[in-house]
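Below: the structure, in structure tokens.
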Amino acid sequence: MRINRALRLGVGAIALALIAATTAACGSGDDKTTLEHAEEGKLTIGIKFDQPGLGQRNTDGTYSGFDVEVAKYVAGKLGVAPDGITFKEAPSAQRETLIENGQVDFIVATYSITDQRKEKIDFAGPYYVAGQSLLVKAGNTDITGPGSIAGKTVCSVKGSTPAQNIEKNYPDTQLQTYDTYSLCLEGLNSGAVDAVTTDDIILAGYASQSPGRYKVVGERFTTENYGIGLMRGDQESRDRINDAIEEMIAEGVWNKAFQDSVGRAANYQTPEAPKVDRY
Ligand code: GLU
């Protein structure tokens with residue numbers, strides 16, 4: 001979208017037509033970077049809407065969870081007050097596209113930093129380290145961890161790292177994918193799937209929301225470094241977001257945000273904060 005700057009400088013007619021086409025494909029319809037939006041006091045931030053303790057849209061229209069707190073803190077450090085933030089739902093499979101199209105300024109949505117995703121977008125962070133795990137009904141006794149999912153139907157979300165992991169490394173497991181984890185839970189409730197798999201912290205949030213109904217089983221079997229996704233190559237914004245994450249941790253706000261959200265809800269011990277990786 002930097003291309004629009006070239007337009008202001010005045011390029012040839014052919015280039016103009018090309019630029020018009022490129023701009024039309026952009027969601028926000030402007031050429032501004034995250035920091036430029038922040039200067040205007042407005043940011044659009046992608047979060048999950050259905051992950052209790054992490055990113056949730058409440059029935060009264062407010063948003064809560066650890067990712068929401070991280071998003072608000074970062075926005076604040078960029079000079080944007082909470083009422084200047086528009087939260088947009090960022091389902092797992094749409095995250096890179098939302099960023100590439102400029103429909104969001106950045107995404108804080110249980111978003112694992114991976115080399116594959118880095119080909120399309122950049123990440124600040126990590127700001128949290130999770131790991132893949134399994135959620136089953138409380139009465140289930142035959143699934144105890146990744147070693148016992150052969151022949152079982154396991155649900156995950158399209159475009160997520162846990163879905164990729166099952167597909168690649170657990171060929172004897174039937175993978176069912178939906179657009180969101182809450183749809184996977186419906187599948188678990190109805191008996192359509194035997195287990196739901198994603199990051200332990202997400203599953204713990206669901207388990208705590210319905211006490212006695214589900215249980216998280218087995219140890220973490222991957223490492224998921226949660227990053228804040230943003231436009232590839234926007235180094236200036238990335239540096240500022242990395243600074244903000246470090247400040248959130250140093251000031252103890254990170255600890256408190258974790259405790260007050262997923263920590264309390266899912267009875268999760270607050271871990272050590274990770275070190276930001278300025279790759
Ligand atoms: N952290 C994993 C990922 O980024 C799973 C959680 C999610 O789908 O948001 O794909």
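No lab work stands behind these numbers, since they all come straight from the coordinates. Everything quoted here is computed from the prediction, not taken from an experiment. Using ideal geometry, Cβ is built from the backbone for each residue, glycine included, and neighbour counts are taken over all protein chains shown.
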Checklist entry - Can you find even one residue in the range 155-162 that is in contact (Cβ under 8 Å) with a residue 60 or more places away in the chain, in a loop (DSSP other than H, G, I, E, B), within 16 Å of the ligand (Cβ to nearest atom) and not basic (Lys, Arg)? => result yes
Checklist entry - Do we find that THR86 is assigned to a strand (DSSP E or B) and away from the ligand (no atom under 15 Å from the Cβ) in this structure? => result yes
Checklist entry - Of the residues that make up the range 107-123, is at least one within 13 Å of the ligand (Cβ to nearest atom) and in contact with a Pro (Cβ under 7 Å, 6 or more places away or on another chain)? => result yes
